[in-house]
Structure formats: structure tokens, C-alpha cells
1. Please work out whether the stretch 95-189 counts as rounded, prolate or oblate from its C-alpha gyration tensor, where a ≥ b ≥ c are the square roots of the eigenvalues and a/c under 1.5 means rounded, while otherwise a/b larger than b/c means prolate and anything else oblate?
2. Just the number: Rg to Rh for the stretch 7-72, Cα atoms, Kirkwood Rh, two decimals.
3. For the chain, find the longest principal axis of its Cα atoms and tell me its angle to the long axis of helix 22-33, 0 to 90°, nearest 10.
4. Rank these for me by crowding, LEU6, LEU146, going from fewest to most other beta carbons within 10 Å.
5. Specify the angular offset, from 0 to 90 degrees and rounded to the nearest 10, of the alpha carbon long axis of helix 137-154 from the longest principal axis of the alpha carbons in the chain.
6. Nearest 10 degrees, 0 to 90: what angle lies between the long axis of helix 38-57 and the longest principal axis of the chain (Cα atoms)?
7. Show me 40-50, 172-182 ranked by packing, highest mean number of other Cβ atoms within 10 Å first.
8. Please compute the contact order of the chain in relative form: average sequence separation of alpha-carbon pairs under 8 Å and at least six residues apart, divided by the residue count, as a percent.
Amino acid sequence: MGIFVLAFGSAAMIQANLGVSSWDVLHIGMTNWTPLSIGTWVQIVGLLMLGGSSWLDRTWPQLGSIVNIVLVGFFLNWILGLHLIPTVQLLWERGLLLVAGILCMGFGSGMYVASNIGAGPRDGMTLVLAQKFGLSIRLVRTLLELTALTIGWIAGVPVAAGTFISVFLIGPVMQASLAFWRRRLVHDS
């Protein structure tokens with residue numbers, strides 16, 4: 001469920017056309033250079049991130065991490081291809097769609113990470129770096145978002161206000177969602 005919520009959030013930000021998440025700046029940049037879809041680039045970059053975090057942590061990826069890589073890209077292509085999110089024109093509607101997208105991305109990330117079946121590639125890298133260097137999830141995620149944004153921007157993808165807003169909000173929303181779902185899972189056990 002969390003994986004679909006995350007993909008829905010990404011698609012909502014794309015449809016809002018006010019700036020996509022920093023990782024999607026990178027993914028869209030890659031679609032400009034190749035015939036591959038954004039969902040396929042989500043999968044390719046995810047595989048590279050998963051390999052990097054597994055190497056840093058000296059562990060094998062969990063099945064849930066691999067499932068995440070496959071499904072986020074699939075769901076994103078599916079949501080965009082079927083036009084499940086309507087195109088909106090008014091600025092306030094686009095703003096609401098942007099906020100909904102940011103909230104869905106952070107909430108969905110926290111939801112599936114709390115399930116302990118394997119973090120997604122970006123979330124896994126966030127958790128590994130936070131633990132390895134004793135930093136907060138919020139700070140590490142924000143730094144990773146800024147790195148992806150910079151690479152995407154260098155690749156020639158324009159960035160907008162929504163991109164910068166997402167850089168600073170996805171991490172805190174993910175951290176709050178993770179805490180919420182961890183408490184809920186402990187309470188329900």
C-alpha cells in the first residue's frame with residue numbers, strides 16, 4: 001500500500017506542474033536523453049541506490065526492497081499512462097495537488113519502511129547513512145534530495161518552487177509517518 005501511495009504522490013507532483021521531487025527531476029532528465037519512461041528510470045536509479053546502500057551496510061537487499069524498485073516504477077507509469085490524476089489548470093488547484101503529492105510521498109515512504117520488509121532504495125540509503133554517521137533521517141533525506149536535485153538540474157531539467165518545497169518537506173513527513181506506523185505496528189502486535 002505504501003508503495004502505491006508513494007507512486008501516486010510522485011504522479012500528483014508531476015501533474016501539478018509546479019515542480020517535481022528532486023529524484024523525479026533526475027528521472028525526467030534521463031527520459032530526455034533516452035527512449036525509456038520515467039518509471040523505468042525510477043527502477044534503474046533505484047537499483048543503483050539499492051546496490052550502494054547494500055555495499056555501505058554490508059548486507060544483502062531484502063525482498064521488499066527489490067519489490068519496491070519494480071512496483072514504484074510500474075505504478076508511476078500506470079498512474080500517468082491511465083491519467084488517473086486529472087489535469088488541473090488553476091494555480092490553487094495545482095498547489096493543492098503539489099501539497100497532496102508531497103504528503104503522499106513522505107507518508108507512503110514511512111508506511112512501507114515501518115513494515116520492515118525492506119526499505120525502498122532511496123529510503124534504505126537514507127537509513128544507512130543516518131545510522132552510519134549518527135544523523136537524523138530528516139537531515140540525511142534532505143541532503144540526498146538536494147544531491148539528486150543538483151544532478152537533475154545539471155542534466156538540464158528545469159526546477160520550480162515545488163521542487164524546492166519538496167526537498168525540505170518530504171524528509172520530515174517521512175520521519176513523522178515512520179514514527180506513526182512504527183507505533184501503530186507495535187500497538188497492534
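1. Values: a/c = 2.46, a/b = 1.50, b/c = 1.64.
Judged from the Cα gyration tensor, the stretch 95-189 comes out oblate (a/c at least 1.5, b/c at or above a/b).
2. Values: Rg = 13.1 Å, Rh = 12.8 Å.
Rg/Rh for the stretch 7-72 comes to 1.02.
3. Roughly 60 degrees, rounded to the nearest 10.
4. Working: LEU6 28, LEU146 14.
Ranking LEU6, LEU146 by Cβ neighbours within 10 Å, fewest first, gives LEU146, LEU6.
5. 40
6. Its long axis makes an angle of about 20 degrees.
7. Details: 40-50: 20.3, 172-182: 18.3.
Packing proxy ranking, top to bottom: 40-50, 172-182.
8. Numbers: 307 pairs, mean separation 70.9, N = 189.
37 percent.
Values quoted throughout were computed directly from the atomic coordinates according to the rules given, and no laboratory measurement underlies them. In this text, all values refer to a predicted model and were calculated from it rather than measured experimentally. Heads up, the Cβs are rebuilt from the backbone with ideal geometry, glycines too, and the neighbour counts pull from every protein chain shown.
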